[in-house]
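Working notes, beginning with the structure itself.
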Amino acid sequence: MSNTFDVVQRHEKVAFFGVAGEGDTVTYHRMRGFTEMSNSKNPVEYSRRYVDEAFERTDVTGYSPSLSYKFDEIQGDSVHADLIAIEDNEMIGSSAIRDIVIVDMTKEVADKAGTYTARKRSFTVIPDSSGDSTDAMTHSGTFRANGESVVGTCETSDGWQTMTFTAASE
């Protein structure tokens, strides 16, 4: 038996950001130039100690997922332009909510070559800082969950620069 195994590479989980277009159209663009995008589940816990027990019990009662982000600003990138507009214009409420789709490139859908499993969720964009590097113009912040996760599939017609998300039918 072999002791080798395949480690999933970070670049195999590809994020796409929904940028509003004309009317109600949204195009999901690949999130390029990001140097950080870590996922925190932030579980909500209910802990208690019953008087007849010597230990504490804890249950998870919910989640408040977030993605911390940092990117090097790239001229002409529509995702960066949208995030910078939210930051510069100090957008609040629904004007700062965007959809992000995470595509798992290690999970190709059976019998559908080029189609992969994915999760879509609405996030509130919470900018934090910009310009804290002397090498490149950087921006950072947090995407905080603003809705439930939707499971589905994704496919592309342009080499994964943009993609189309289809929610799974129940």
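Just for the range 114-152: of the residues that are β-branched (Val, Ile, Thr) and within 15 Å of the chain's Cα centre (by Cα), which one is nearest to Asn39 (Cα to Cα)?
The initial filter retains those residues of the range 114-152 that are β-branched (Val, Ile, Thr), namely 115, 117, 124-126, 134, 138, 142, 150-151.
From what is left, the residues that are within 15 Å of the chain's Cα centre (by Cα) are 117, 124-126, 142, 150-151.
Working: Thr117: 18, Thr124: 14, Val125: 14, Ile126: 15, Thr142: 10, Val150: 16, Val151: 17 Å.
So, considering only residues that are β-branched (Val, Ile, Thr) and within 15 Å of the chain's Cα centre (by Cα), the one nearest to Asn39 (Cα to Cα) is Thr142.
Given the criteria at positive phi, surrounded by fewer than 17 Cβ atoms within 10 Å (Cβ to Cβ) and over 13 Å from the mean Cα position of the chain (by Cα), does Gly159 qualify? Considered against the rule, which asks whether it is at positive phi, surrounded by fewer than 17 Cβ atoms within 10 Å (Cβ to Cβ) and over 13 Å from the mean Cα position of the chain (by Cα), Gly159 comes out as yes. In summary, strands (runs of 3 or more DSSP E) completely within the range 71-170 and bearing 3 or more residues that are in contact (Cβ under 8 Å) with a residue 60 or more places away in the chain occur at 97-108, 138-145, 162-167. Against the test of being in contact with a Lys or Arg (Cβ under 9 Å, 6 or more places away or on another chain) and either acidic (Asp, Glu) or at pLDDT below 95 (or both), the options Asp111, Asp72, Asp104, Asp88 yield a single qualifying residue, Asp104.
So that you can scan it fast, the table gives a plain yes or no per residue for (1) surrounded by fewer than 14 Cβ atoms within 10 Å (Cβ to Cβ); (2) hydrophobic (A, V, I, L, M, F, W, C); (3) under 17 Å from the mean Cα position of the chain (by Cα):
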site: Val14; (1), (2), (3): no, yes, yes
site: His29; (1), (2), (3): no, no, yes
site: Lys41; (1), (2), (3): yes, no, yes
site: Glu53; (1), (2), (3): yes, no, no
site: Ser68; (1), (2), (3): no, no, yes
site: Asp99; (1), (2), (3): no, no, yes
site: Lys112; (1), (2), (3): yes, no, no
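The values are calculated or read from the model by the stated rules, or taken from the named source; none is laboratory data. This structure is a prediction, so every number in the text was calculated from the model and none was measured. Cβ: placed from backbone, ideal geometry, glycine included. Neighbour counts: every protein chain shown.
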